[in-house]
Number of protein chains: 4
Amino acid sequence: MKPQIAFILTGGSIDKEYGALDRAFTIGNGAVERVLKFVNPNFKADIISLFQKVSVDITEKDKNKIAKTCSKVTTNKIILTYGTDAMTDIGETLATIKDKTIVIVGSLKSQLIKDTDAEFNLGFAVAAVQTLPAGVYIAMSGRIYPWNKCKKNKTSGQFIEK
Amino acid sequence: MKPQIAFILTGGSIDKEYGALDRAFTIGNGAVERVLKFVNPNFKADIISLFQKVSVDITEKDKNKIAKTCSKVTTNKIILTYGTDAMTDIGETLATIKDKTIVIVGSLKSQLIKDTDAEFNLGFAVAAVQTLPAGVYIAMSGRIYPWNKCKKNKTSGQFIEK
Amino acid sequence: MKPQIAFILTGGSIDKEYGALDRAFTIGNGAVERVLKFVNPNFKADIISLFQKVSVDITEKDKNKIAKTCSKVTTNKIILTYGTDAMTDIGETLATIKDKTIVIVGSLKSQLIKDTDAEFNLGFAVAAVQTLPAGVYIAMSGRIYPWNKCKKNKTSGQFIEK
Amino acid sequence: MKPQIAFILTGGSIDKEYGALDRAFTIGNGAVERVLKFVNPNFKADIISLFQKVSVDITEKDKNKIAKTCSKVTTNKIILTYGTDAMTDIGETLATIKDKTIVIVGSLKSQLIKDTDAEFNLGFAVAAVQTLPAGVYIAMSGRIYPWNKCKKNKTSGQFIEK
């Protein structure tokens with residue numbers, strides 16, 4: 001039977017878009033779908049786009065909405081795309097969900113940039129969500145951390161142990 | 001402490017190159033290094049390029065060389081890039097290595113193609129090698145299979161259960 | 001009034017495709033359309049796909065078909081995409097057409113390759129066809145040559161004076 | 001003899017960069033060099049990077065510096081990369097230079113974005129600068145306009161007749 005993976009999208013750099021007419025970026029929700037189209041994976045993907053925000057704009061209400069969605073989806077394999085500057089915050093919100101594997105992922109560069117880390121990071125998260133026991137994880141920089149055990153190094157961009 | 005991952009390169013579509021002057025493709029060995037440069041991962045990567053071949057050209061001697069290299073490397077986390085048409089063959093050769101996690105990966109399209117699956121697949125393999133117990137696995141199509149439990153569907157290109 | 005440019009497609013490396021299931025390349029006809037979509041140009045483009053061949057497979061009958069199409073199109077601005085190994089041959093066939101500007105172009109690497117020259121070369125041809133007097137030209141390597149005044153350097157890939 | 005083309009770089013969207021650690025874009029000066037590397041052109045390119053600015057930040061002093069540089073370079077074929085929102089302004093400054101062909105070009109999307117118009121536009125400018133008589137031109141949207149005969153449509157992004 002094919003595994004079922006829920007992708008819950010909230011925005012962040014991975015979904016930044018740079019329209020031909022825009023001075024600044026906007027946030028879309030197409031990165032996961034574009035990448036899965038390249039890969040043609042042998043699992044069932046449910047893509048749920050909740051909102052398109054950078055992490056600093058996410059409210060308590062938004063975080064509760066994410067938590068409710070995680071609880072509600074019928075699969076226990078969840079990948080949450082999220083801005084890279086507040087992954088620990090949302091990890092804390094989700095930590096009460098005990099019976100699901102939730103992998104928080106994003107990218108430092110938009111999936112639309114030529115030398116993006118988005119495709120690698122999504123592939124990484126897809127393996128992590130299928131192999132890890134229930135829990136809430138941050139999957140960045142080629143590493144898997146429990147949500148409260150890492151931080152983003154502001155100089156290198158790497159996610160490192162805390 | 002940073003995990004240490006050995007990447008053993010042997011060729012396959014992931015490393016196909018399409019030179020401006022060549023009528024047919026050639027095989028290089030730069031895909032893994034290029035992708036890791038984008039990602040700037042927080043692990044130690046040892047890249048070992050053994051040869052550059054498509055899978056049909058790999059000999060018994062080549063397979064033994066791969067097995068010896070897997071045994072010799074000081075880490076127990078090994079990613080082997082290999083042509084997608086004979087992954088089961090090399091899996092069989094490596095099955096006698098009992099104490100290491102060996103993840104066989106490749107891509108259907110060269111890493112140099114715009115809509116390649118290479119970055120996703122490498123990210124996928126990097127998570128798999130860190131989370132799976134010792135054993136030999138094929139990691140393709142967003143799925144992890146024991147080496148003898150999958151086959152490539154010749155119509156869809158997907159790796160499916162056998 | 002918007003200029004009208006006819007793009008006559010015949011194949012060549014610019015339209016090479018590397019399907020996930022193919023051992024060798026195939027030839028498609030989508031390169032020009034994909035590139036114009038990025039650019040959103042302010043001219044009228046008529047895209048006419050005649051056949052999908054590498055230049056060595058083009059017959060006298062094919063060349064006559066190209067010549068007839070060039071004569072028939074209602075615009076006097078024609079861009080012909082063609083394999084880079086026989087541009088002079090087709091130039092000779094078209095040299096009898098006296099009242100149109102025909103720019104022969106292609107690329108050394110497929111438009112589907114990340115570091116392709118296809119986009120640059122197409123842009124180059126689009127300017128050339130609008131600025132040059134009637135005649136048959138080869139537009140490659142950032143240069144415009146009368147069809148019988150250049151050759152491809154087999155070592156560098158550059159089109160140089162003959 | 002190879003033609004000599006001076007590329008004078010001032011910034012604009014074509015050179016926008018989206019660093020992994022930056023919230024907003026920065027301006028670099030690598031787009032022309034990266035593109036020419038793909039193309040391996042058969043002309044002599046002199047790349048002169050004057051400053052890295054979006055067009056709204058360009059001062060009268062900056063414009064005079066551009067004009068002086070155009071006058072000083074030993075070739076009469078000049079391509080000026082510039083922000084797309086003020087191309088007419090700089091065109092006016094340069095209009096007094098009578099003996100050179102100056103082509104103002106840029107792109108709506110950064111050269112670092114996957115579906116950029118930068119490569120096409122640079123190719124377009126390179127053909128234009130070699131075929132047009134002395135004068136100052138804006139080369140955008142697949143069209144060549146005298147500097148004072150076009151405007152950017154703020155809805156479509158296209159450069160159209162004025």
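Tabulated results
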item	result
Accessible-area order (highest first, 1.4 angstrom probe) of the listed residues B:Arg23, B:Arg143	B:Arg23, B:Arg143
Accessible surface buried once D binds A (1.4 Å probe; total of both sides; Å²)	1700 Å²
Equivalent ellipsoid, chain B (semi-axes from 5 times Cα gyration tensor eigenvalues, Å)	22, 18, 16
The protein assembly as shown - accessible surface per residue (Å², probe 1.4 Å)	40 Å²
Surrounding net charge for D:Thr75, when Lys and Arg each add one and Asp and Glu each subtract one, Cβ distance under 14 Å	+3
Beta bridges by DSSP in the protein assembly as shown, antiparallel share as percent, to the nearest 5	30 percent
Relative contact order for chain A, counting Cα pairs under 8 Å that sit 6 or more residues apart, in percent	23 percent
Within the protein assembly as shown, helix-based [θ] at 222 nm, where runs of 4 or more DSSP H residues each add -39,500 (n - 2.57), nearest 500	-8000 deg cm²/dmol
Shape box of the protein assembly as shown [Cα atoms, principal axes, largest first, Å]	72, 56, 39
Heavy-atom accessible surface of the range C:56-103: percent carbon and sulfur, 1.4 Å	47 percent
Using a 7 Å Cα-to-Cβ projection, B:Ile160 label spacings across copies, nm, ascending	4.7, 5.1, 5.4
Net charge dipole size for the protein assembly as shown [Lys, Arg +1 and Asp, Glu -1 on Cβ; Debye, nearest 20]	0 debye
Above-threshold pairs, the threshold being 25 Å between Cα atoms, out of A:Lys44/B:Lys2; A:Lys2/B:Lys151; D:Lys68/D:Lys114; B:Lys16/D:Lys114; B:Lys61/B:Lys162; C:Lys37/C:Lys149	A:Lys44/B:Lys2; D:Lys68/D:Lys114; B:Lys61/B:Lys162; C:Lys37/C:Lys149
DSSP bridge orientation in chain C - percent antiparallel, rounded to nearest 5	30 percent
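The values are calculated or read from the model by the stated rules, or taken from the named source; none is laboratory data. Please read all numbers here as calculations on a predicted model, not as lab measurements. Cβ sites come from the backbone with ideal geometry, for glycine too, and all protein chains shown count toward neighbours. Surface accessibility is based on the protein's heavy atoms, side chains included, excluding ligands, DNA and RNA. Shrake-Rupley method; radii C 1.70, N 1.55, O 1.52, S 1.80 Å.
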